[in-house]
Ligand code: ADP
Ligand code: MG
């Protein structure tokens, strides 16, 4: 393409809310055939709310919210914010944890009021040889079948509760995915969240292929594997955990509403955090380069 065409394309991109790192990015944008979409914060709003608390035995909701809320208050994860906010609404001020650690892709652990507390995926509890009792397993299944994320809470060596959190699909996501398909791209939903939740969200927005329960450090391998199959891969993400995959992809699209790490790793930024701009970017690059050749 001529320098003029590239400049026009880049300028038009800015008008559409698409920031392009360099004119050469338009070429990779034109070629992609597969688009991998992060779930939380990309297809969904990422603004989660705490919807329900299920407790085992004699454990009270207040105890659960105090201990889990205190720990999550120290984390920036969208799930953590939902739990901490929901807890403060119901039980008021929360204690400061005496110890705290993020366990990426799994949850958080620490000490609150002298109790060793875990909050996160069932897998986090299993790593400490704890199992959810049958009634909490049922609560988890029901929540996930409804597309909600179930978070387990344990302390002092015992599983105590399941929390239900959920965020909404962005109202622009389904239409954007339909347009991406029309442009010949195959959408794939990629997430660290549970398979059942991922499938519920995928069904809601019209995606057939789901890759779920992927640890943050393994997202990049998913992209590599698709590339090894001969696909030209675009990746859309917002999180720190998406940065390596965004850099590996043939085209990395970062949500402008996301983290700095994602924006730095991407080739394009979708300023408004709207997937529709991904379809706009691909159409624009095909138009800019296509008409010139
Ligand atoms: P995603 O790929 O959807 O952005 P992550 O990789 O950040 O998700 O997290 C994967 C899963 O780990 C979450 O769906 C949740 O079950 C669990 N998890 C991660 N961080 C936390 C946390 N702070 N509190 C509770 N659960 C968490
Ligand atoms: Mg995300």
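The set of residues from the range 248-272 being in contact with a helix residue (DSSP H, G or I) (Cβ under 9 Å, 6 or more places away or on another chain) and in a loop (DSSP other than H, G, I, E, B) comprises 249, 250, 256, 257, 258, 259, 266, 267, 271. Looking for something within 16 Å of ligand 2 (Cβ to nearest atom) and either in a helix (DSSP H, G or I) or buried (at least 18 other Cβ atoms within 10 Å of the Cβ) (or both) - is there at least one such residue anywhere in the range 64-76? Yes: one or more hits. Scanning the range 212-246 for residues being buried (at least 17 other Cβ atoms within 10 Å of the Cβ), within 14 Å of ligand 2 (Cβ to nearest atom) and outside any helix (DSSP H, G or I) gives a total of 7.
With respect to (1) within 16 Å of ligand 2 (Cβ to nearest atom); (2) surrounded by fewer than 20 Cβ atoms within 10 Å (Cβ to Cβ), the lone exception for residue 35 is condition (2). When 5, 56, 14, 52 are checked against the criterion of being over 24 Å from residue 190 (Cα atoms) and under 25 Å from the mean Cα position of the chain (by Cα), 52 stands alone in meeting it. Filtered by the rule that a residue be modelled with pLDDT of 95 or more and buried (at least 22 other Cβ atoms within 10 Å of the Cβ), the range 252-262 gives 252, 253, 254, 255, 262. Of all the residues in the range 217-246, those that are away from ligand 1 (no atom under 15 Å from the Cβ), touching a residue at least 24 places away in the same chain (Cβ under 8 Å) and closer than 18 Å to residue 27 by Cβ number 4. Only residues that are in a helix (DSSP H, G or I) and either surrounded by fewer than 16 Cβ atoms within 10 Å (Cβ to Cβ) or within 16 Å of ligand 2 (Cβ to nearest atom) (or both) were counted in the range 89-111, giving 2. Is it the case that residue 164 is assigned to a helix (DSSP H, G or I), in contact with a helix residue (DSSP H, G or I) (Cβ under 9 Å, 6 or more places away or on another chain), under 30 Å from residue 67 (Cβ atoms) and within 16 Å of ligand 1 (Cβ to nearest atom)? So residue 164 does not fit the description; no.
Residue by residue through the range 2-20, note down the ones that are touching a residue at least 60 places away in the same chain (Cβ under 8 Å) and exposed (fewer than 13 other Cβ atoms within 10 Å of the Cβ). Passing the criteria: only 2.
From the list 116, 52, the one residue that fits, being modelled with pLDDT of 95 or more, in contact with a helix residue (DSSP H, G or I) (Cβ under 8 Å, 6 or more places away or on another chain) and surrounded by 14 or more Cβ atoms within 10 Å (Cβ to Cβ), is 52. Regarding the range 167-181, can at least one residue be identified that is part of a strand (DSSP E or B) and either touching a strand residue (DSSP E or B) at 6+ places or on another chain (Cβ under 6 Å) or in contact (Cβ under 8 Å) with a residue 12 or more places away in the chain (or both)? Yes, because at least one residue in the range 167-181 is part of a strand (DSSP E or B) and either touching a strand residue (DSSP E or B) at 6+ places or on another chain (Cβ under 6 Å) or in contact (Cβ under 8 Å) with a residue 12 or more places away in the chain (or both).
The values are calculated or read from the model by the stated rules, or taken from the named source; none is laboratory data. Please read all numbers here as calculations on a predicted model, not as lab measurements. A quick note on method: Cβ atoms are made from the backbone with ideal geometry, for glycine too, and the neighbour counts reach across all protein chains shown.
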